[in-house]
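S.K.: Pasting in a structure now, in structure tokens, and then I'll have a few things to ask.
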Amino acid sequence: MKPIVIGNWKMNITSQEAKVYLGTFLRKLEVLKQAEVTLCPAGPVIPTVAQMLEGTGVAWGSQNAHWEERGAFTGEVSMEILQDLGCRLVLCGHSERRKWFKESDFEISRKVEQALAHNIVPVLCVGETFDERKAQKHEVVVIEQVRKGTERLSNIPALALIVAYEPVWAIGTGQAIEPEQAWEMARLIRSVLREVLPSGAESVPIIYGGSVNEINVASFVDGDAISGVLVGGTSLDPEKFHQLIAQLI
Ligand code: PGA
């Protein structure tokens with residue numbers, strides 16, 4: 001299986017900047033084609049990125065979406081709208097959304113369900129805070145997030161789901177965790193998936209996120225417990241992000 005690499009641009013990079021970025025990033029396509037690369041721009045930048053990615057093998061995804069089909073939800077974007085544009089995946093329950101927008105596990109589980117209903121791969125993001133890790137609660141917290149985030153999945157036939165383990169204290173801090181710690185949590189997540197998904201649990205890729213860069217990336221992706229990465233900061237620099245991907249192939 002190709003390594004999964006998701007670049008989360010967060011609230012950075014305008015359409016004009018994206019054009020310049022992609023001019024650099026898409027230069028060595030033969031490298032990018034050996035990984036499953038997805039870029040997640042801010043919503044209004046999606047059409048520009050989608051157009052420039054056409055035919056390159058690099059996909060785009062969304063940083064968020066609403067769980068309802070349609071309706072009076074000012075300021076929101078639906079999975080249907082994203083599907084129409086050709087969206088590959090949607091981040092569901094990123095820790096910044098849990099923190100700043102108070103997203104609950106219930107809402108996140110509905111987003112996961114709604115993404116699947118629209119043939120979009122939900123990337124269920126889970127991870128403990130620093131205090132939770134310090135208090136030795138990290139396992140309990142992550143088990144709960146995986147269980148709740150997947151609780152509406154039993155009725156979905158063609159299961160395509162990614163779980164991203166992102167310890168909150170490693171996100172944007174420049175302080176990645178030790179690969180062994182990440183693998184340990186990935187194995188725990190796998191055991192929860194086996195419990196909640198009667199079939200298909202083995203095929204769900206688990207990826208790591210949190211201060212991944214072009215230097216440390218290869219130490220996380222062992223092709224066994226962890227099969228890819230979710231990258232924030234480093235994905236903002238097209239040269240470095242390209243180097244990061246090259247380390248995995
Ligand atoms: P980071 O962000 O790579 O900047 O730590 C990761 C993320 O938020 O997904």
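S.K.: State which entries of LYS2/LYS240; LYS2/LYS134; LYS10/LYS33 exceed 27 angstrom in Cα-Cα distance in the structure shown. Numbers along the way, then the final one.
M.R.: On the way: LYS2/LYS240 20 Å; LYS2/LYS134 35 Å; LYS10/LYS33 24 Å.
Result: LYS2/LYS134 exceed 27 Å.
S.K.: Counting just the Cα atoms, what span does the range 81-223 cover along each of its three principal axes? Round to the nearest Å and put the largest first.
M.R.: The Cα atoms of the range 81-223 stretch 37, 33, 33 Å along their principal axes.
S.K.: Compute the distance in nm between two label points, each set 7 Å from the Cα along the Cα-to-Cβ direction, one at GLU54 and one at LEU29.
M.R.: With each label point 7 Å from Cα toward Cβ, the separation is 1.3 nm.
S.K.: Quantify, in whole percent, the carbon and sulfur part of the accessible surface of the chain (1.4 Å probe; protein heavy atoms only).
M.R.: That fraction is 52 percent.
S.K.: Something else: For the chain, just run the numbers: alpha carbon Rg, then divide by 2.2 N^0.38 Å, N being how many residues it has.
M.R.: 0.94
S.K.: With a probe of 1.4 Å, find how much accessible area the chain has per residue, and write the answer as a whole number in Å².
M.R.: Each residue of the chain exposes 47 Å² on average to a 1.4 Å probe.
S.K.: What list of ³J(HN,Hα) values in whole Hz, one per residue of the range 65-73 in order, does the Karplus curve 6.51 cos²θ - 1.76 cosθ + 1.60 (θ = phi - 60°) give from phi, with Gly and Pro shown as x?
M.R.: The phi angles translate into 6, 7, 8, 8, 5, 7, x, 7, 10 Hz.
S.K.: Next question, about the same structure. Working from the alpha-carbon coordinates of the range 187-249, get Rg over Rh, Rh being the Kirkwood radius.
M.R.: 1.07
S.K.: Quick one: which residues, 5+ away or cross-chain, put their amide H under 5 Å from the amide H of GLU103? H built at 1.01 Å from N.
M.R.: ARG98
The values are calculated or read from the model by the stated rules, or taken from the named source; none is laboratory data. Since the model is a prediction, treat every value here as computed from it, not as a measurement. Glycine gets a Cβ as well: all are built from the backbone with ideal geometry, and neighbour counts include every protein chain shown. In case anyone asks, the SASA skips ligands and DNA or RNA and just uses the protein heavy atoms, side chains included. Shrake-Rupley method; radii C 1.70, N 1.55, O 1.52, S 1.80 Å.
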